[in-house]
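Bear in mind these aren't lab numbers, they're just calculated from the coordinates by the rules spelled out. Computed from a prediction, not measured in an experiment: that's the story for all the values here. Glycine gets a Cβ as well: all are built from the backbone with ideal geometry, and neighbour counts include every protein chain shown.
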Amino acid sequence: MTSRMFLLALAVVGITTLATNRVNSQEGEPAGQSTSQPAAKPAAGNDSESMIDTWVSHAMPGEHHRLLEKLTGKWNLAVKYKMNAESPVVESEGTCERRWILGNRFVLEEFDGGNLALPFQGMAIYGYDTFEKKYTSIWVDTTSSAVTTSLGTCQDGCKVIAFTGRHGDPWSGVKKNSRGFTRLVDDNKHILQLYEPDKDGKEFMVLQIVYTRKTG
């Protein structure tokens, strides 16, 4: 049994135990009255109820997940891409659709970026890790066999999600750091920009995507 399955089983047992204990404690007492003294509560973090509360607080979507709601829906894309700092900008138009999955814990994106020298399709999963207290993303696309992950934080009154990540560069044979942000202009528009270092370590904008919500 994996650790996650064990925790889930523990939570289910704990919930059942708490419910049974509460029912038993109320048997034989008039409704709305209690003649017995309340039992001493175990130290915080050691009793089943505290363990379940902790588990629920990390498992359930919260306020940061509500920010991801702004990303859901169907979008038209205006894409700009540069392979390296010296190469010309390639532009294309595309579409994407994002929807909630797994009880509004994650947003799934299906992405068609049009033709950037080669057809550019991808998929992503966005979320918020309540343990790390950071936004998370997983990205795969047709230009690579790798899975790219990023961590992000909320900035400027949560109008911006700034993120960092690493990916392999097949031309240099090393892993590169990247950083970027998604700026939430309003409910119907947001802009993603991604920056990477060039061969001299100077940053350049490798990718920009303007998302405009489809109407109708």
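Take the alpha carbon atoms of the range 46-72, find their center, do the same for the range 118-158, and report the distance between the two centers in whole angstrom.
20
Return the FRET efficiency for the residue pair Met205, Glu93: r is the Cβ-Cβ distance, R0 is 22 Å, and the value is rounded to the nearest 0.05.
Computed FRET efficiency for Met205 and Glu93 comes out at 0.75.
Among the listed pairs Lys176/Lys199; Lys133/Lys214; Lys133/Lys176; Lys82/Lys199, give every one whose C-alpha distance is greater than 22 Å.
Over 22 Å apart, Cα to Cα: Lys133/Lys214; Lys133/Lys176.
If the chain between Asn177 and Gln193 were fully stretched, how many nm would it gain, using 0.36 nm times the residue separation less the Cα-Cα distance?
4.3 nm
Name the aspartates and glutamates eligible as straight-distance cross-link partners of Lys175: C-alpha to C-alpha under 16 Å, and not fewer than 8 places from it in the same chain.
Partners within reach: Glu196, Asp198, Asp200, Glu203.
By the scheme Lys and Arg +1, Asp and Glu -1, what is the net charge of all other residues having a beta-carbon under 12 Å from that of Lys175?
Summing Lys/Arg as +1 and Asp/Glu as -1 gives 0.
Whose amide H sits under 5 Å from the amide H of Lys214, counting only residues 5 or more places off or on another chain, with H placed in the peptide plane?
Lys74, Trp75, Asn76
So how do Trp75, Trp100 line up by other beta-carbon neighbours within 10 Å, fewest first?
Trp100, Trp75
What is the sum of charges, Lys and Arg at +1 and Asp and Glu at -1, for the other residues whose Cβ falls under 14 Å from the Cβ of Lys199?
Within the 14 Å Cβ shell, the charges total -3.
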